[in-house]
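The values are calculated or read from the model by the stated rules, or taken from the named source; none is laboratory data. Note that the coordinates shown come from a computational prediction; the quantities given were computed from them, not determined experimentally. All Cβ positions, even for glycine, are placed from backbone atoms using ideal geometry, and neighbour counts span all protein chains on display.
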Amino acid sequence: MEKQRQKHLFKWLRAQQSLIKPQLNLNIALATLSSLILVGQTWLLATLLHNLIIEGSDRSAMLPEFILLVAGFTARALILYFREKIGFQAGRIIRNHIRQQILNKIHAVGPATLNRTPAGSWATLMLEQVENLHNFYARFLPQQMLSAIVPMVILIAIFPLNWAAGLIMLVTAPLVPIFMILAGIAAADKSQQNMDALAKLSGQFLDRLKGLETLRLFNRTSEQTAHIEQSTEDFRQTTMDVLKVAFLSSAVLEFFTSISIAIMAVYFGFSYLGQIEFGQLGAGMTLFVGFFCLILAPEFYQPLRDLGTYYHDRAAAIGAADAIETFLHTDYQIAQSQTIAQTTAQTTAQIPVQSAVEIQAENLIVLSPEGNPLTQQLSFTLSAQTHTALVGQSGAGKTSIMNAILGFLPYQGNLKINGVELKHTDLSQWRKHIAWVGQNPLLLQGTIKENLLLGDIHATDEQIQQALTQANAKEFTDKLGLEAEIKDGGIGVSVGQAQRLAITRALLRKGALLLLDEPTASLDARSENQVLQALNQISQQQTTLMITHRIEDLKQCDQILVMQAGQIVQQGHFEQLKQTGYFAELLVQRQQDIH
């Protein structure tokens, strides 16, 4: 990773801390108080040792000092406990905030963009990489301030007693951060490589797991196992590289810290032997001064050593922030950019929606998220409360039109919903009026009722039963019961049953526009007929747009749009199209495929 990129990411990470300013300030204040208590403790301890060894004082006379010393240890332990709690709370606030930003962006860009990246990579981004930001805010940022505050407090306490000891600390202190920065630069690169390897491994593993049945049928499990083993080995290697840098840098920091403390010990040793006479101030070279300075010497370097330890949290955060910041700030093109949606939220046009919608497209060219044309110029009208089918071979542009209507893809030309241009509307409000049924509907792990309530969380039992009847689903839900458990991936119901549950969910949503994407593609003849009956019934109440390859079932449609190579080559009713043109060719080809 280039240094300029690292600096940019560090600034971005620092900019996020505005949410946790109170927690950071309180953490730093408590740590400063702890350092003041430490100086007082050391003063008491040096005084006790001096009185016991040099003065020969009675121990009972020093009982108050012992009590204060124990109170100091207790106070510092409590402060450390509260600092850990505050740091954890700060990290949690930041993680929740960034995860919410990622979820909002994912919701905004939609499936047309997300499907370009393996699902495992999104899981890594949301979980592992956001988690790697925690210690940066919980530990590194507070420690960065304390590495300057605590040594300054100790220097202020030592210089009036012995300027030479203070000078030794002042001169040797910069060695620690210098080597810490050198190690941190290497650690940031290694951390980014580790995050990239983890994202790659996660994506490959999840994709292979989903396609396990296909791999077994084609006898390709051994090759894919070897492929995952290689990715795992790459991840192991990058993890070990990170650990090597971490352990090496820690050893270097400990080495320079030990040398600095040893120099001070040698100075005091020769001073007590009478070989060195400089550095003494008002108190002289007493045992109290020696103990006080030597006890505080490790504490002087401890904040810098801790910063060196947490510097790897900084490197890990920069490595994780690379993917997070890139995703959040990449301008993925949709029908309406998020910048426009946020800045003009007060003036965004509202689509007048009653029971159904009318969609008009004029010279419409659907674009990819990168701005490349996916279709040619399209002009069509979906009248209110009509059933329109989109047909054509794969890659003709059918799904692109549907994604444009959903607002997930940008476009040129005009696309109006009830007379209002889509790109000038609030897309989140528009999508609330849309119901969708695909060829592989998502059923979450839970009860049948919980899955149905995704359509409308406030639906009553009576409304659910009515929707089940309309979707021809009651015949199996009455047997299974609405509290029957569905496992992850829809295990527990057949494909046809899952499809009818999805239709029930769409009915509960009461959308003004119903989008159907190959709703009968994976069904047997009996299930297909049941689903088509349900769809024909509900499409009479709203505007329906259906993508399908089963063109022999389009006789009930009010309009058919025939697509070829990104353009609409025919449109009309089934009886008008079945004899001529590309639709007739598709119909003949479909009949040959069936027989």
Whether any residue in the stretch 330-352 is surrounded by 23 or more Cβ atoms within 10 Å (Cβ to Cβ), under 27 Å from the mean Cα position of the chain (by Cα), at pLDDT 85 or above and not small (G, A, S) is what I want to check. no
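If the requirement is being touching a residue at least 24 places away in the same chain (Cβ under 8 Å), outside any loop (DSSP other than H, G, I, E, B), farther than 26 Å from Y332 by Cβ and of a type in the set (D, E, K, R), which of these qualifies: K423, K449?
K449
Out of R139, R99, R83, which single residue is under 20 Å from V242 (Cβ atoms), modelled with pLDDT of 85 or more and in a helix (DSSP H, G or I)? First the steps, then the outcome.
Working: R99 fails: under 20 Å from V242 (Cβ atoms); R83 fails: under 20 Å from V242 (Cβ atoms).
That would be R139, the only listed residue that is under 20 Å from V242 (Cβ atoms), modelled with pLDDT of 85 or more and in a helix (DSSP H, G or I).
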Looking only at the stretch 46-68, decide whether some residue is in contact with a Cys (Cβ under 9 Å, 6 or more places away or on another chain), in contact (Cβ under 8 Å) with a residue 40 or more places away in the chain and assigned to a helix (DSSP H, G or I). yes
Have a look at F270, F247 and point out the one that is within 30 Å of A197 (Cα to Cα) and assigned to a helix (DSSP H, G or I). F247
In the stretch 373-406, the residues that are over 16 Å from D517 (Cβ atoms) and small (G, A, S): S379, S383, A384
Determine whether A226 is in the same structural domain as F205 (by TED's automatic domain parsing), modelled with pLDDT of 80 or more and closer than 30 Å to F140 by Cα. no
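Against the definition (under 27 Å from G40 (Cβ atoms) and surrounded by fewer than 17 Cβ atoms within 10 Å (Cβ to Cβ)), how does P303 come out, yes or no? Give the derivation first.
Values: under 27 Å from G40 (Cβ atoms): yes; surrounded by fewer than 17 Cβ atoms within 10 Å (Cβ to Cβ): no.
Considered against the rule, which asks whether it is under 27 Å from G40 (Cβ atoms) and surrounded by fewer than 17 Cβ atoms within 10 Å (Cβ to Cβ), P303 comes out as no.
Condition check ((1) within 27 Å of P142 (Cα to Cα); (2) surrounded by fewer than 15 Cβ atoms within 10 Å (Cβ to Cβ); (3) in the same structural domain as A317 (by TED's automatic domain parsing)) across all residues:
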site: Q16; (1), (2), (3): yes, no, yes
site: P22; (1), (2), (3): yes, yes, yes
site: T32; (1), (2), (3): yes, no, yes
site: E55; (1), (2), (3): no, yes, yes
site: A61; (1), (2), (3): no, yes, yes
site: Y81; (1), (2), (3): yes, yes, yes
Sort through A75, A112, A71 and tell me the only one that's buried (at least 18 other Cβ atoms within 10 Å of the Cβ) and either assigned to a helix (DSSP H, G or I) or not assigned by TED's automatic domain parsing to the domain that holds L19 (or both). A112
Q589 vs (1) surrounded by 14 or more Cβ atoms within 10 Å (Cβ to Cβ); (2) modelled with pLDDT under 85: all pass except (1)
Just to check your reading of the model, which residue among G279, G211, G203 is farther than 30 Å from G166 by Cβ, assigned by TED's automatic domain parsing to the domain that holds T309, of a type outside the set (A, V, I, L, M) and buried (at least 16 other Cβ atoms within 10 Å of the Cβ)? G203
Please indicate, with yes or no, whether at least one residue in the stretch 231-239 is without any contact (Cβ under 8 Å) to a residue 24 or more places away in the chain, farther than 30 Å from F10 by Cβ and assigned to a helix (DSSP H, G or I). yes
Tell me, which residue of the stretch 409-434 that is at pLDDT 85 or above and of a type in the set (G, A, S) is farthest from L532 (Cα to Cα)? G413
Which one of these does S394 not meet: (1) surrounded by fewer than 17 Cβ atoms within 10 Å (Cβ to Cβ); (2) in contact with an Asp or Glu (Cβ under 6 Å, 6 or more places away or on another chain); (3) at pLDDT below 85? (2)
Of (1) over 29 Å from G211 (Cα atoms); (2) modelled with pLDDT of 75 or more; (3) crowded, with 18+ Cβ neighbours inside 10 Å; (4) outside the structural domain of I417 (by TED's automatic domain parsing), L545 satisfies all except one. Which? (4)
What about L406, is it buried (at least 20 other Cβ atoms within 10 Å of the Cβ) and either of a type in the set (S, T, N, Q) or modelled with pLDDT of 90 or more (or both)? no
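Tell me, please, whether a residue that is touching a His at 6+ places or on another chain (Cβ under 6 Å) and touching a residue at least 60 places away in the same chain (Cβ under 8 Å) can be found in the stretch 309-317.
Step one: filter the stretch 309-317 for residues touching a His at 6+ places or on another chain (Cβ under 6 Å), giving none.
No.
Here's a check for you: in the stretch 470-505, which residue that is of a type in the set (S, T, Y) and at pLDDT 85 or above is farthest from the chain's Cα centre (by Cα)? Please lay out each step first, then the result.
Here is the first cut: in the stretch 470-505, the residues of a type in the set (S, T, Y) are 477, 494, 504.
Keeping just the survivors that are at pLDDT 85 or above gives 477, 504.
Numbers: T477: 37, T504: 32 Å.
The qualifying residue farthest from the chain's Cα centre (by Cα) is T477.
Looking for whichever is within 21 Å of L545 (Cβ to Cβ) and outside the structural domain of A108 (by TED's automatic domain parsing) here; the options are Q465, Q470, Q497. Which one fits?
Q470
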